[in-house]
Amino acid sequence: MHASRRFLVVSLLGLLLAGCYEVPVTGRKAMNLVDDKEVTKMSITMFDDMKRRHRVSRDKDRNDQLRRVGDRISKVVFWDMPDADWEFVVFDVPQINAFAMAGGKVGVFTGLFKIVKNDDQLASVIAHEIAHVTAKHVHEKLSRELAVSTVGTVGMLGGMAAGAPLLTVDALSAAYGLTTGISGFAFDRAKEKEADYVGLMYMARAGYDPRESVKVLEALELETANDPIQPGFLSTHPSHPERILQLMDAMPKALAEQEKSAVKTGPIILK
Ligand SMILES: [Zn+2]
């Protein structure tokens, strides 16, 4: 009895120590009890499934724009997502939405182009979504659920101690917000704000104008004021004004990042 209880405690401690990671840019320490490779594998399957269930847009301009912007952002996050096999897909869905998944799978709905007017603005949305991935917000959500259920369930701990946490497609799609329908992909307030901050630095490092991120939120605010049915992404818990204030706070730092990137990628003028 005592031995087995000690075994439980040791296993849990081991998991917690092994399952720690640092969020890029913010350096926040977070818990990760799920298998990264498994999450990536399942995310790719879910993305493929989405491509089957929704029409993929053939609009050349939009596809080109997404690829152009996605390519630049993906270079900036290379070390934060070394396993990514990037794929950028425009879905023919009228909703204002976008998402990114582990493994480098990014989807944008055609509705987003109602509020996104240039590359910088699209970059701010893509960078925000990719920040959710590099910060492993889905992993963290799943890990919390696993940790909570583990405390009460010895059977599950047995599974976890054997190195097999219960990671199911249902749990993963719920963590991504997919089970709430196509309007999902929203995290809690703290995670949304973290993704805003990290995304702002990413877009700036890619050389985009970070100030355009504020315009996206303003456009979204207008859109939601006109339409009582809130668009799914970018609209949850933290209000737009609250998010705009946070972005404004971080703007000097973001502009400095953009400046540095311009020095690196700008034209070399020889006299
Ligand atoms: Zn978000």
HN-Hα J in Hz across region 100-105 - Karplus 6.51, -1.76, 1.60, θ = phi - 60°, x for Gly and Pro
9, 10, 3, x, x, 9
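By count of other Cβ within 10 Å, fewest leading, how are M251, M50, M203 ordered? Walk me through the numbers before you get to the answer.
On the way: M251 16, M50 19, M203 34.
Going from sparsest to densest Cβ surroundings: M251, M50, M203.
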Step through the residues of region 131-136 one at a time and calculate ³J(HN,Hα) from phi using the Karplus curve (6.51 cos²θ - 1.76 cosθ + 1.60, θ = phi - 60°), rounding each to whole Hz and writing x for Gly and Pro.
4, 4, 6, 5, 7, 6
Neighbour-count ranking [beta-carbon atoms within 10 angstrom, fewest first] of W86, W79:
W79, W86
Search the structure for amide H atoms under 5 Å from the amide H of V56, placed 1.01 Å from N in the peptide plane, and list their residues when 5 or more places away or on another chain.
D92
Calc'd 3J(HN,Hα), region 239-252, phi into Karplus 6.51 cos²θ - 1.76 cosθ + 1.60 (θ = phi - 60°), Hz, glycine/Pro = x, comes to 5, 4, x, 4, 5, 4, 4, 5, 5, 4, 4, 8, 4, x
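For S74, S124, what's the fewest-to-most ordering of other Cβ within 10 Å of each Cβ? Let's see the in-between values first.
On the way: S74 19, S124 31.
Exposure proxy ranking, most exposed first: S74, S124.
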Could you work out how much longer the chain between D64 and D36 gets when fully extended? Use 0.36 nm per residue separation minus the Cα distance between them, nm to one decimal.
7.0 nm
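Pairs K60/K141; K136/K193; K60/K260: which are spaced more than 25 Å apart, C-alpha to C-alpha?
With Cα atoms farther than 25 Å apart: K60/K141; K60/K260.
Each value in this text was obtained by applying a stated rule to the coordinates, not by laboratory testing. This is a predicted model, so every value here is computed, not measured. Every residue, glycine as well, gets a Cβ built from its backbone with ideal geometry; the counts of neighbours run over all protein chains shown.
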